[in-house]
1. Of the residues that make up the range B:82-89, is at least one more than 26 Å from B:G345 (Cβ to Cβ), of a type in the set (S, T, Y) and within 11 Å of another protein chain (Cβ to nearest Cβ)?
2. Give the residues of the range A:158-179 that are farther than 11 Å from B:D249 by Cα, within 12 Å of another protein chain (Cβ to nearest Cβ) and surrounded by 15 or more Cβ atoms within 10 Å (Cβ to Cβ), sorted by residue number.
3. List, please: which pairs have Cβ atoms under 6 Å, are six or more places apart or on different chains, and start with a residue in the range A:249-263 that is on the phi > 0 side of the Ramachandran plot and at the interface with another protein chain (Cβ under 9 Å from one of its Cβ atoms) and end with one that is part of a loop (DSSP other than H, G, I, E, B) and not aliphatic (A, V, I, L, M)?
4. Can you tell me how many residues within the range B:108-157 are modelled with pLDDT under 90, small (G, A, S) and farther than 23 Å from B:E369 by Cβ?
5. If only one of B:T224, B:T231 is of a type outside the set (G, A, S), over 30 Å from B:K266 (Cβ atoms), touching a helix residue (DSSP H, G or I) at 6+ places or on another chain (Cβ under 8 Å) and not in a helix (DSSP H, G or I), which one is it?
6. Go through the range B:350-420 and tell me which helices (runs of 4 or more DSSP H), entirely inside it, have 3 or more residues that are more than 16 Å from B:V215 (Cβ to Cβ).
7. Restricting the first residue to the range B:256-267 and requiring it to be within 13 Å of B:L152 (Cα to Cα), which pairs with a second residue that is of a type in the set (V, I, T) meet a Cβ separation below 7 Å and a spacing of at least six or different chains?
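The values are calculated or read from the model by the stated rules, or taken from the named source; none is laboratory data. It should be emphasised that the depicted structure is a prediction, and the values quoted were computed from it without experimental measurement. Don't worry about glycine lacking a Cβ; one is built from the backbone with ideal geometry, like all the others, and counts go over all protein chains shown.
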Amino acid sequence: MNIDRNVIVGVALPGTVPRMQTLRHWWREAMARQVFLLPIAVVFLALFLIPLGQTLWYSLTDFNGYSRALRFVGIKNYVRAFTDPSMIASLGYTFFYAVSTTIVVTALAIPLAIALNQHFLGRNAVRAVFFFPAIPSIAVLGLVWSFILSPLPSGAVNTVIGLVGLGSVPWLSDPMLARLSTVLVSVWGQTGWHAILYLAYLQSIPSDFYEAAAIDGANARQRFFHLTLPLLAPAVTVSQMLLLTGGLKVFDLPYTLTKGGPGYATTTLSQVIIRRGLGEAKFGEASALAVVFMLLVLAVVVAQFAISRRLERRL
Amino acid sequence: MIGKDCTHQGHSRGLRRMAAATMLIAGSLLAAVPAVAEPTHLSFFSWDNEQVMKPVIAAFEEANPDIRIDFSNAPPVNEYVQTLQTRLLSNTAADVFIIAAENKNALIDGGFVKDLSGYDFIKTMNPQNRAAYGADGKAYGLSLASWGGGILYNKALTDKVGMTEPPKSWDEFLALAKKLKDAGITPYYDGVQSGNLMPLYALIGLAFSKEGGNVDQKIFSGQTSFEKEWTGPLSLYAKLYDDGLISRDVLGLSDDQIVNEFATSKVAMMGAGPWNLPAIRGINPQIEMNFMAVPGPVSGESFLSGAPSPGYAINSATEHLQQAEAFLTFLASPEAVKLYHKSSGAITTTADYKPDLDPALAAIYAGIEASRIYLPMTSWPRAQDALHTEMVAQIQNMVAGGIKPADVGKALDAKLADSQ
């Protein structure tokens, strides 16, 4: 921006008055905009920046969550974070959960959204049914599903399997099956919500595009890959970002379904952080874990955004 | 202007005189009425809910009309510990609060709780309860109850295989489980998912009691190790799974599911504590059940899983010390203990009150009273939560068949070394 030197020094020379009025007008406009941003800036400062600063500070101390008498310990807490077996196990499971949930939900939600966008009898009721799992608390869903997936022959799923003459499946007692079960319940709970998100984007695509494609002789597959999918790309970016960040921060579903077991098979990073800070009264270590975790989430989200943008351009 | 001013001054003088007269009359009247003292408000943060504590608090307030209890609570354990931690940090903690196994070290080491050693009310406490919430010979918590757990059995199902009395040794217990299995009855479920491993804790407690009872201190001081002390009891416990007497499916069962299976007679025995009885009777009021103590490797020896219940502590920063002392004195009285036992069902262990217990507990009450109870988490001097998490995870791995009993001890030794 070019600013007149005469205005800056405050000397009104002949011919500079209109410029000063313009600058004043610009300044008032800019200030008005800032005033609108002020409330959210205060919220951001109070609920994010200050706690983040505190977490960074605590991560360098031996703070136990009780006593204010802190001792600076340098990067000791960070070294421990990378050598703790439960942290390493939980890191593997958390990434498995977040990535597999993101892939499966996306693969199911887009076709579901296209199906829900068609005209058929009872369409609104069907949409509501698919959206319903997103309404109850995920912790409640975890408790309900722990009965459904009970490894006993009396478990709901095992009862059905028993009716066709097959043996019980140890859904929650085998480490690998327990991991898959948490993903299954998460997919069940989130697919409907993300399908509604895609549906909103689908409804904003003008029907003229499809009519023109039909006139050009494009079949259903071609219309999907060359018209629907490229126009849904921004929705895919948003949906995947929500799924990835939610998956990386997950605590409630695996905890209510398996309590993090068997062993550390379904223990999440959030669970380790909460336990370390509250259960073990090691706020310093928990803060270091939280900082490392935040950086990991940030790196994953930035990478996901960059890849999604590149794919959007390619589509 | 002058006249107006004069008039105004005249009005002001009149008003002042009236105000002075009114104050004089009011003052005389107030002096004539005897002063009513405002009751002192004593804050109390509990992990028992209001329904449990209400009768006790009402009785206290009736006996002490000059003290009002401001009650608040958070459910155990993590939510309570977290809330108390936050309140202590912000200097808003209650005058009286609960000290539990999970936070006792932090509270005592941080100087947040007052030494109660000199008070009379401490004398009614069971010595084991006193030791559980003490350090360096001082007492920091008024613990009035203990819980004991063992093996709960469904009499109708055990009668089917001819059990006339509870097994006297661990081998007899395994033989009973085999008989039940052969008869097509699921023998036993344990809380492997939650870590409520009643038989294992009892077997460890029995082994430790034979060695003089201070084995945990020796482990923590480096004189012995978890691997050396735990492998024996763990190997006995692992036989249940290695011999196929319990399905490894217990890894995926919550405590509620186990209770449900037991109450609906789908399993003959379960590891249980007294808190399970109301839920089981709620589901199946007709069920005939009894506790048995966990039999040891030698015939005739038995032990229980259990621990002293959390205690009441006085905030060392309280401004109402006298009232807090009165409250704890009342809580330890037979009247309050009786009320608390009735509202909570807790197994109280104070010297001057004998609780009226569920008949199913009759077989194990003597063991609780004699403190033949053991729970690792309350016996470890520090790092309880870190070791408990590691212990549950490694025992789950052992039950899944991934590691041997000795590996559990090795993992606990490594965790202990890491927490130094």
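1. yes
2. Here is the first cut: in the range A:158-179, the ones farther than 11 Å from B:D249 by Cα are A:158-167, A:175-179.
After this cut, where a residue has to be within 12 Å of another protein chain (Cβ to nearest Cβ) as well, the list is A:158, A:167, A:175-178.
Correct list: A:N158, A:P175, A:L177, A:A178.
3. A:K259/B:Q193; A:G260/A:T266; A:G260/A:T267
4. The total comes to 3.
5. Details: B:T231 fails: not in a helix (DSSP H, G or I).
B:T224 is the lone residue from the list that is of a type outside the set (G, A, S), over 30 Å from B:K266 (Cβ atoms), touching a helix residue (DSSP H, G or I) at 6+ places or on another chain (Cβ under 8 Å) and not in a helix (DSSP H, G or I).
6. Working: elements: B:362-369, B:376-379, B:384-399, B:405-418.
Helices (runs of 4 or more DSSP H) meeting the threshold: B:362-369, B:384-399, B:405-418.
7. B:V259/B:I280; B:E261/B:V267; B:F262/B:I280; B:A263/B:I280; B:A263/B:I283; B:A263/B:I287; B:V267/B:T186
Condition check ((1) at pLDDT 90 or above; (2) within 23 Å of B:G134 (Cα to Cα); (3) under 20 Å from the mean Cα position of the chain (by Cα); (4) assigned to a helix (DSSP H, G or I)) across all residues:
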{"position": "B:I25", "(1), (2), (3), (4)": "no, no, no, yes"}
{"position": "B:S28", "(1), (2), (3), (4)": "no, no, no, yes"}
{"position": "B:D48", "(1), (2), (3), (4)": "no, yes, yes, no"}
{"position": "B:M53", "(1), (2), (3), (4)": "yes, no, yes, yes"}
{"position": "B:A59", "(1), (2), (3), (4)": "yes, no, no, yes"}
